[in-house]
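Below: one structure, written as structure tokens.
The values are calculated or read from the model by the stated rules, or taken from the named source; none is laboratory data. Since we're looking at a predicted model, the values are computed, not measured. All Cβ positions, even for glycine, are placed from backbone atoms using ideal geometry, and neighbour counts span all protein chains on display.
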Amino acid sequence: MTAINDADRERARFPAQAGESRGLAVESGVSSPQRRGWSSEAWGGLAAMLVALPSAIAFGVTILAPLGGTYAAQGAVAGIIGAIVLGILAPLLGGTARLVSGPCAPAAAVLAALAAERIADGASAAETLVTLGLVAFLAGLLQVAFGLVRLGRLIKYMPYPVVSGYLSGVGLVMVTSQLPKLLGVDGGLLLDALSDPVAWNQRGIAVGVATMVAMLAAPRLTRVVPGVILALAAGVVTYLALALADRSLLELAGNPLVVGPVGAGAKADVPGAQAVAALRSALVALGPEELRQVAAPALTLAVLLSIDTLKTCVVLDALTRSRHRSDRELVGQGVANIASTVLGGVPGAGQMGATLVNMTSGGTTRASGVIEGVLALVAFVALGGLVAWVPNASLAAILIVIGVRMVDWNSLTMLRSRATLLDFAVIVAVVVVAKAVSLIAASGVGVALAIMLFVREQIGGAVVRRKLDGAQISSKQIRGREQRDVLVEQGERTVVLELQGSLFFGTADQLYRALEPEIARRHYVILDLRRVQSVDVTAIHVLGQVEGALRDHGGHLLLCDLPRSLPSGRDMVRYFREVGLVTAEPRARAFDELDQALEWVENQILGEAGLGPVANEPPLELADMELLEGRKPETVAALLACIEARTVPPGSRVFSCGDGGDELFMIRRGAVRIMLPVSPEASHHLATFGRGAYFGEMAFLDHEARSADAIALVETDLYVLSRQRFDAFAAGHKRAAMALLLGIARSLAVRLRQANGEVRSLREA
């Protein structure tokens, strides 16, 4: 269930991207028992071919339709060649199991629009064919390049509004370009066709309507036969029924209602052989000027075909719990498109509809895709003559239904919320440009809007995730009461700002406005960068301005938790050093952890108050310990008799996690760090205890095993009091023993309150 639900969510997120799945596959899936071995692959390939081949014919006819009705047969054969070549080569080279490739709607829309534009500019049909071939060939080369430079992962993450708008535009272009053909006004504009009902061909309309009805009703009638097959059969039957009343419809020559002669059987002459030869000559003579003219449409086509393929692969992965290789798939698709173009076929991509039909019919490996291509070849050789009788109105009707389903009607829900109005505006803008100008122009608008959406998202988020006053957070260094009082009193001199997201030119002003109020009232500004995703030179310049302003009045900028590897792969520590922000005094200081920065600041503040660490300090005597403050000399002397003095070398363990023991340790001189093991390789720093502090009180009170490691940072002198000796002392000094336990309890309460305050501050931020 998990994989199916993931796929449903993927299709819901990219409804327009799966245009053909809504038009062909989802409602036309073939339900059959799961078969094993080659019979399973053959059945899946056969079912996929029945879906892919009719649509390939329709797409081929559509691409060459602007050249005139006499090119319909050549377009049909080009579509079939595309289905054969892509069907065989793409699975062999791409490697995604179950994926079926063939001519697709985006390719038809882009190339048909380009053909119409070239004809409108006065180019001949032969010149237009060469241009279409060059664009398709270069698109294949670009797809190969995308895969070789590992752009496969990036193409998949095109913003949804841009993909939705573009493919909705493709669907709209398909609908508006096919409606005149459905009405029998081939070659005219939609408005001209709609405004001249006298020119409509009623018989063609009848065939088209029958085709549409059958395609829409197919899911409710049967799941065994793909809907596009039923639709095409309904169109042919309707045409033959009309031919009973008008025998002229049984003539192929000069019949505008059908595709027309394409040859029959294995002896069929492949139309367009001269165009293929012209393409090869054009490739040899391709110069800078010709390359400039075809570069933009080729890039548009390459990106669209790549997105179409990879989105199909993502859905397939979710359904089958598999994982495709994006870059290898792009190389395979690119090579297949190059081969299809050179052989006179239409370029294409991984088809959602045929792929899902292949999967539900039993296909499990790449072999099913290859079989689909081989069966398309067999069908063409054996039944090529029947293609001539396919009604043009049926092909137009099929493409209209596919085009309508490609439109992302779910995007209208974005109008309900103000938060998504801009996203909806992006979709509308791409659709309008696609229809009013061209699909190529829409691709440029889509890229520009994708950049705008990214910048908007980055600017919209706050760069400061959390701000904490120095009195709200402290280092893990355990301080004495007098030191704690000073740090709380001086807390307003320090501020900790946790930054997040991308620090770049779009958020630089927001960053400066967040830091500017702190410059005048703070002496220490600590920036926690652990959640920062990227940094550019503009943000570095802002941080340099802040550091300079702080330095002017004796303040300090401190940076901590700098990521060693950003998502971009950049080492932020190295980058900051290269640009000169993190250097020796008096520039900004960098620390590995926030705790280190806080400890440095606390030592500076305590040093100014005369309470900082002093070199070569003598060891404290027992009476000087804060825990025994105010006790009588004789009580201290009696306790001292129960205590063991111990010296621990630097780096040595006082005790380890899991050790038994019930001693309480009081630090006369030095420092001890408490580390909590979280894995065999890693530990978490809990606290650092310095001169006058104590540790080990948990095992001293409950007699349980040690819960952490205690490690001497420097040579450390300790007083060690075991619970057994303390109990002996308590027998004769009950009040003193009770006072010592109360002192431990008070210290624990202070530490717990301090921890609660930090947790509250983090929760409220």
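Numbers at a glance
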item	result
Per-region count, segment 165-176, residues at pLDDT below 75 and closer than 25 Å to residue 457 by Cβ	2
Residue match in segment 535-543 (condition: small (Gly, Ala, Ser) and surrounded by fewer than 21 Cβ atoms within 10 Å (Cβ to Cβ))	no
Count of residues meeting criterion [crowded, with 17+ Cβ neighbours inside 10 Å and either touching an Asp or Glu at 6+ places or on another chain (Cβ under 7 Å) or free of Cβ contacts under 8 Å to residues at least 60 places away in the same chain (or both)] in segment 219-233	2
For residue 429: the one exception among (1) touching a Phe, Trp or Tyr at 6+ places or on another chain (Cβ under 9 Å); (2) more than 30 Å from residue 532 (Cβ to Cβ)	(1)
Some residue of segment 609-617 being hydrophobic (A, V, I, L, M, F, W, C) and in a helix (DSSP H, G or I)	no
Leading residue by the ranking (surrounded by the most Cβ atoms within 10 Å (Cβ to Cβ)) among those in segment 359-395 that are polar (S, T, N, Q) and in contact with a Leu (Cβ under 8 Å, 6 or more places away or on another chain)	394
Sole residue being touching a Ser or Thr at 6+ places or on another chain (Cβ under 8 Å) and assigned to a helix (DSSP H, G or I), chosen from 730, 736	736
Hey, residue 491 closer than 19 Å to residue 595 by Cα, without any contact (Cβ under 8 Å) to a residue 60 or more places away in the chain and more than 38 Å from the chain's Cα centre (by Cα) or not	yes
Sole residue being in contact (Cβ under 8 Å) with a residue 40 or more places away in the chain and closer than 19 Å to residue 621 by Cβ, chosen from 668, 751	668
Total residues in segment 148-164, condition assigned to a helix (DSSP H, G or I) and at pLDDT 80 or above	1
Breaking point among (1) modelled with pLDDT of 90 or more; (2) outside any loop (DSSP other than H, G, I, E, B); (3) surrounded by 17 or more Cβ atoms within 10 Å (Cβ to Cβ), for residue 706	(2)
Exclusive hit being at pLDDT below 90, farther than 30 Å from residue 612 by Cα, of a type outside the set (Val, Ile, Thr) and surrounded by 15 or more Cβ atoms within 10 Å (Cβ to Cβ), set 448, 436, 508	508
Of all residues in segment 555-603 being in contact with a Gly (Cβ under 8 Å, 6 or more places away or on another chain) and modelled with pLDDT of 85 or more, the one that is nearest to residue 515 (Cα to Cα)	601
Matching residues in segment 222-236 - criterion: being assigned to a helix (DSSP H, G or I) and either aromatic (Phe, Trp, Tyr) or in contact with a helix residue (DSSP H, G or I) (Cβ under 7 Å, 6 or more places away or on another chain) (or both)	227, 228, 229, 230, 231, 232, 234, 235, 236
Some residue of segment 501-513 being of a type in the set (Lys, Arg) and in contact with a helix residue (DSSP H, G or I) (Cβ under 9 Å, 6 or more places away or on another chain)	no
Test result for residue 759, over 22 Å from residue 484 (Cβ atoms), loosely packed, with under 14 Cβ neighbours inside 10 Å and β-branched (Val, Ile, Thr)	no
Test: residue 136 is touching a helix residue (DSSP H, G or I) at 6+ places or on another chain (Cβ under 7 Å) and free of Cβ contacts under 8 Å to residues at least 60 places away in the same chain	no
Residue 255 modelled with pLDDT of 75 or more and farther than 30 Å from residue 200 by Cα	no
Yes/no for residue 405 being closer than 30 Å to residue 528 by Cβ and touching a residue at least 60 places away in the same chain (Cβ under 8 Å)	no
Residues satisfying the stated conditions in segment 381-404, i.e. within 21 Å of residue 86 (Cα to Cα) and over 41 Å from the mean Cα position of the chain (by Cα)	381, 382, 383, 384, 387
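Residue-wise test of (1) of a type in the set (A, V, I, L, M, F, W, C); (2) surrounded by fewer than 17 Cβ atoms within 10 Å (Cβ to Cβ); (3) under 30 Å from the mean Cα position of the chain (by Cα).
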{"site": "452", "(1), (2), (3)": "yes, yes, yes"}
{"site": "455", "(1), (2), (3)": "yes, yes, yes"}
{"site": "474", "(1), (2), (3)": "no, no, no"}
{"site": "481", "(1), (2), (3)": "no, yes, no"}
{"site": "496", "(1), (2), (3)": "yes, no, no"}
{"site": "500", "(1), (2), (3)": "no, no, yes"}
{"site": "503", "(1), (2), (3)": "yes, no, yes"}
{"site": "513", "(1), (2), (3)": "no, yes, no"}
{"site": "516", "(1), (2), (3)": "no, yes, no"}
